[in-house]
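Have a look at the structure below, then the notes.
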Amino acid sequence: MSTVRIPPTLRVATGGAKQVEVPGGTVREVVTELVALHPGLEAQLLAPDGDLNRFVNAFLNDTDVRHLQALDTPVGEGDTLVLLPAMAGG
Amino acid sequence: MAIETLPAPATRSPRIVGMRCRACGGAQPIGLSYVCPACFGPLEVDYDYAVVGATLTREAIAARAPGIWRYVELLPVDQPPTRGLPVGSTPLLAAERLAPELGLDRLWIKDDTRNPSLSFKDRAVAVAAARAVEFGVEALACASTGNLAGATAAAAAALGLPAYVFIPADLEPAKVDHALAYGATVVPIEGTYDDVNRLCLEVADETGWGFVNINLRPFYAEGSKTLAYEIAESLGWRSPDVVVAPVASGAMFTRVARGFEELVELGLIERRPIRFVGGQATGCAPVATAWAAGTEVIVPVRTPDTIVRSLAIGNPADGSYAVALANGSGGSIEAIDDEVTAVAIRDVARLEGIYPETAGGVTLAAAAAARRRGVIRPGDEVVALLTGNGLKTPDARTLGHGDGIARPGQPGLAPAIRPSLSAFEQWLESGA
């Protein structure tokens with residue numbers, strides 16, 4: 001199980017939960033499982049092709065997954081995945 | 001990101017319709033929020049331009065005091081704030097000595113080195129801070145590559161709000177000291193700007209502080225449009241052929257374009273094509289790289305390596321919009337080596353008497369590069385935005401050698417001489 005931290009904008013879909021324990025061996029599997037657990041997240045998190053929406057950045061243990069193996073990045077027991085809006089900063 | 005929406009008092013201006021998602025078009029009320037709850041896209045301020053145009057005329061603007069609030073109808077506040085720093089109305093200067101050095105025929109410099117905290121960020125922060133006061137935030141905060149630190153700290157001081165400024169721990173000391181001088185709490189983070197920004201997203205969520213470039217970003221970004229309004233007004237209500245600007249997140253670059261577009265839509269200037277040229281540092285050029293590759297997909301830069309710290313954003317929020325703007329306008333995004341940036345800083349300082357920080361060097365070098373590429377053509381009228389002051393990056397013009405403190409032996413610096421005319425004459429005869 002890994003921990004997914006949920007930003008406030010998405011907490012309506014998780015029933016207010018700030019973090020969710022989710023199984024999955026890769027970032028893709030974790031996100032897919034998260035959406036299965038909380039279907040209300042699909043429109044916000046996923047693009048039509050099943051990839052992450054372009055406005056979502058995913059960080060595994062505080063590292064942008066695009067600097068790792070993107071959605072194929074392995075996720076281990078106890079890892080933390082954070083999903084954050086891309087449109088910030090600068 | 002707590003969705004704190006405002007009540008609708010009688011003083012709410014009908015010019016401001018609300019907020020709208022740039023991606024899906026969904027409407028949201030004005031609030032301390034920046035993310036579309038439906039699709040996660042960026043929220044932007046939505047205006048009723050019929051209401052804006054009813055009072056915003058050339059004559060009305062001419063009768064108003066200098067500063068960004070002379071264009072208040074196009075800014076996302078109900079009224080100009082009663083308290084704040086005097087921002088904007090910076091000069092547009094004919095750079096007749098520098099232009100030929102860059103291969104340009106007509107060059108104007110928009111000199112934003114002389115805002116209250118010495119960068120264009122004062123424009124964006126003034127708007128964000130005005131909204132922050134309305135939202136009743138406990139503190140003003142930011143994730144900064146340096147210039148924003150000073151701007152946020154100064155604005156907070158003027159408003160009497162605490163300021164928390166998050167920066168990369170290895171930022172230029174002059175910028176850290178600048179923010180401290182205004183009484184801000186500076187929080188250095190061990191990492192890149194992008195690490196700082198990611199952390200601040202979470203801090204903003206947990207604290208409810210008003211982060212000017214995160215949960216206040218829809219308002220903050222609008223402040224940069226005033227660069228376009230001022231340029232158009234300075235040129236006698238028209239647009240130039242080319243605008244050259246630095247690109248970090250891409251927010252300012254794209255909002256300057258929108259500013260000109262708004263003036264066209266309001267009939268304040270004629271529609272003429274404007275090419276938009278952006279400049280990045282080669283050591284952190286995700287937007288220039290995407291532009292050169294012919295894609296709007298930005299591949300983030302993990303470890304920026306450049307003296308141009310103010311542009312060292314590896315994961316630029318508006319990067320794809322910046323590429324689209326360059327492509328759609330016939331412009332370009334140029335990547336500039338640090339050595340070239342340093343030369344450009346020295347050239348504009350010695351030829352025009354304007355001393356910009358690193359991003360200004362990048363911008364001028366980008367203008368020269370765009371001219372060589374043919375994006376800028378003979379006879380074009382070019383406006384270059386110099387967005388920060390050289391005193392913030394004192395070691396940049398010598399490219400990191402030394403610390404920016406003048407020492408004996410430096411070119412142009414005479415040895416200390418006795419206060420006598422004979423000593424002076426001896427030195428002068430020695431070849432000075």
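Quick notes
- For segment A:2-85, relative contact order (Cα pairs under 8 Å, six or more residues apart, normalised by length) works out to 38 percent.
- Computed from backbone phi, the HN-Hα couplings of segment B:271-282 come to 6, 10, x, 10, 8, 10, 10, x, x, 10, 8, 3 Hz, rounded to whole numbers (Karplus: 6.51 cos²θ - 1.76 cosθ + 1.60, θ = phi - 60°; Gly and Pro given as x).
- For chain B, B:CYS142, B:CYS200, B:CYS284 have no disulfide-compatible partner, since no other Cys C-beta lies under 4.7 Å from theirs.
- Neighbourhood net charge (10 Å Cβ-Cβ; Lys/Arg +1, Asp/Glu -1) for B:ALA396: 0
- Computed extension gain for B:SER13 through B:ALA50, at 0.36 nm per residue and net of the alpha carbon distance, reaches 12.1 nm.
- Unit charges on C-beta of K, R, D, E only; dipole of chain B, Debye: 660
- Here's the picture: charge each Lys and Arg Cβ at +1 and each Asp and Glu Cβ at -1 in the protein assembly as shown, and of B:ALA322, A:LEU37, B:GLY208 the one pushed furthest to the positive end of that dipole is B:ALA322.
- Taking 4 °C and 1.567 mPa s as conditions, the protein assembly as shown diffuses translationally at an estimated 54 µm²/s according to Stokes-Einstein applied to its Kirkwood radius (Cα pairs).
- Amide H contacts for A:THR73 (H built 1.01 Å from N in the peptide plane; partners 5 or more residues away or on another chain; cut-off under 5 Å): A:VAL27, A:ARG28.
- Take the Cβ atoms of B:GLU190 and B:ARG271, set R0 to 41 Å, and the FRET efficiency comes out at 0.25.
- Extension gain, B:GLU206 back to B:ALA181 (0.36 nm per residue minus Cα-Cα distance, nm): 6.3 nm
- Here the scattering of segment A:2-85 is modelled by Debye summation over its C-alpha atoms, one equal scatterer each and no solvent; at q = 0.20, 0.27 Å⁻¹ the log10 of I(q)/I(0) is -0.83, -1.66.
- For segment B:115-261, the Kirkwood estimate of the hydrodynamic radius, built from every pair of different alpha carbons, is 15.5 Å.
- Quarter of Cα convex hull surface for chain B, i.e. mean projection, nm²: 22.3
- For chain B, the relative contact order is 15 percent, taking Cα pairs closer than 8 Å that sit 6 or more residues apart in sequence and dividing their mean separation by the residue count.
- Under Karplus coefficients 6.51, -1.76 and 1.60, residue-wise ³J(HN,Hα) of segment B:321-335 in Hz, glycine/proline x: 5, 5, 4, 4, 5, 4, 5, x, 9, x, x, 7, 10, 9, 9
- With R₀ fixed at 25 Å, the C-beta to C-beta distance from B:ALA293 to A:THR63 puts the FRET efficiency at about 0.55.
- Value in Å of the Kirkwood radius, where segment B:230-324 supplies the Cα pairs that are averaged: 14.1
- For chain A, calculated [θ]222 nm from helices alone, where every DSSP H run of n ≥ 4 adds -39500 (n - 2.57): -4500 deg cm²/dmol
- The count of lysine pairs in the protein assembly as shown whose Cα atoms are under 16 Å apart, excluding pairs fewer than 8 places apart on the same chain, comes to 6.
A short reminder: the numbers here are calculations on the coordinates, not readings from a lab. All figures in this text were calculated on a predicted structure; none of them were measured in a lab. Don't worry about glycine lacking a Cβ; one is built from the backbone with ideal geometry, like all the others, and counts go over all protein chains shown.
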